[in-house]
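Since the structure comes first, as C-alpha cells, the remarks are kept for the end.
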Amino acid sequence: MLQIGKTQKLKIGRVVEFGLYLTDGKEEVLLPNKYIPIGSKIDDEIDVFVYTDSEDRPVATTLQPLGEVGDMVALEVKSVSNFGAFLDMGLEKDLLVPFKEQGRRLVESEKAIVKILLDHKTDRMIGVSKISPFLSKEPLEIEVGDKVNLMIWEKTDLGFKAIINETHEGLLYENEIFQDLTPGEKRIGYIKKLREDGKIDVSLQQQGYAAVTDMSQIVMDKIIENGGVLAIGDKSDPEEIKSLLGMSKKNFKKIVGGLYKAGLVTVSDYEVLKKD
C-alpha cells in the first residue's frame with residue numbers, strides 16, 4: 001500500500017504522456033515528467049516521496065522533503081492565511097499548520113518546530129506546532145554528563161527550551177548560553193541535571209574536568225590562530241570574552257589560570273601571550 005508522507009521505493013509500471021505511473025504492486029501513483037530520472041525504463045525501481053497535490057490526489061516526486069510523516073522538524077513559515085500557516089518543506093506544496101494545531105499563532109518568515117502528521121480522513125499531511133504532547137514524560141535513560149542531540153525549541157524567561165534526542169524536553173539556562181541560538185537549530189549538548197520532578201537541565205558545554213580540558217584547548221587554539229597573542233585578559237569586558245570565545249569571563253579566568261600555572265601562557269590585564 002502506498003505510504004502518504006513517506007519516501008519509498010516504487011517500480012515503474014507504465015508510461016503516459018505526462019509522466020510515469022509507479023506501483024507498489026497494488027496501487028499506482030503518478031511521477032510527473034519533470035521528476036523522471038534520465039534513463040528510467042519499465043520495471044526500474046525509483047526512490048520517491050509520495051504526498052497529495054493541491055487537488056488531494058496522490059503524487060510522487062524525486063525532490064527530498066525537509067521532513068516526513070512522524071518527523072519533528074524546523075520549517076520556515078512562508079505565509080499565513082485564513083486556514084492557518086503554510087510552511088516550506090522543500091516541495092511544490094507547502095505544509096499547512098491549521099490554527100487549531102498551533103500553540104501560538106505562527107508568524108510569516110519565522111522558523112517553527114512542528115510534528116508532521118497524516119490526517120487519515122483526507123490523507124493530507126499537516127503540521128502541529130503544539131509539541132509538548134509528543135514529548136515523553138517517562139524517565140530518560142541517560143546519566144548526568146552524557147552527550148545528547150538538542151534541537152533548540154523556544155525562548156523562555158529562564159533561557160531556551162530544547163528537545164533532547166527528539167523525545168524529551170530540556171532547559172538551557174540563559175546565564176550558561178554564550179552564543180546566539182535560534183529555534184530549530186541543532187546542537188550537541190550535555191545532561192547537566194536530572195531533577196526529581198522529571199525536568200532535565202542541559203548545557204552546551206561539557207561539565208566537570210572534561211569541560212575544563214575542552215575549553216583550555218579552545219583558548220589555546222584561539223591564541224595560536226592569532227599569532228600567539230589573545231587581546232583579552234583579566235580586565236576585559238565579559239561580553240568581549242563571550243563574543244570571542246563563547247564562554248563566561250569566570251570560566252575564561254579559570255582556564256587561563258590553569259594554562260598559566262602549566263607554564264603555557266603569560267597573562268596581563270588585556271592580553272594572553274603564548275610562551276615559547
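The values are calculated or read from the model by the stated rules, or taken from the named source; none is laboratory data. Values in this document were obtained by computation on a predicted structure and should not be read as measured data. No Cβ is skipped: glycine too gets one built from the backbone with ideal geometry, and neighbour counts run over all protein chains shown.
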message = Would you confirm, using the coordinates I've provided, whether residue 163 is surrounded by 14 or more Cβ atoms within 10 Å (Cβ to Cβ) and either assigned to a loop (DSSP other than H, G, I, E, B) or in the same structural domain as residue 183 (by TED's automatic domain parsing) (or both)?
response = yes
note = Within the range 78-135, residues of a type in the set (Phe, Trp, Tyr) and under 24 Å from residue 185 (Cβ atoms) come out as 86, 134
ask   = Does residue 43 count as more than 29 Å from residue 109 (Cα to Cα) and not in a loop (DSSP other than H, G, I, E, B)?
value = no
task = Mind listing just one residue for me: the one in the range 1-35 that is closer than 27 Å to residue 117 by Cα and among the β-branched types (Val, Ile, Thr) and, of those, nearest to the chain's Cα centre (by Cα)?
result = 7
request  = Select from the range 61-85 the residues that are closer than 27 Å to residue 47 by Cα, in a strand (DSSP E or B) and under 19 Å from the mean Cα position of the chain (by Cα) and list them in ascending order.
outcome  = 72, 73, 74, 75, 76
request  = Scan (1) outside any loop (DSSP other than H, G, I, E, B); (2) touching a helix residue (DSSP H, G or I) at 6+ places or on another chain (Cβ under 9 Å); (3) aliphatic (A, V, I, L, M) for the single condition residue 232 breaks and write down its number.
outcome  = (1)
inquiry  = Regarding the range 94-101, can at least one residue be identified that is assigned to a loop (DSSP other than H, G, I, E, B), outside the structural domain of residue 183 (by TED's automatic domain parsing) and closer than 15 Å to residue 5 by Cα?
reply    = yes
task = Quick one: in the range 159-203, of everything that is in contact (Cβ under 8 Å) with a residue 24 or more places away in the chain and among the aromatic types (Phe, Trp, Tyr), which residue is nearest to residue 140 (Cα to Cα)?
result = 190
task = Restrict the check to the range 20-37 and report whether at least one residue is surrounded by fewer than 13 Cβ atoms within 10 Å (Cβ to Cβ), part of a strand (DSSP E or B), out of contact with any His (no Cβ under 8 Å at 6 or more places or on another chain) and not basic (Lys, Arg).
result = no
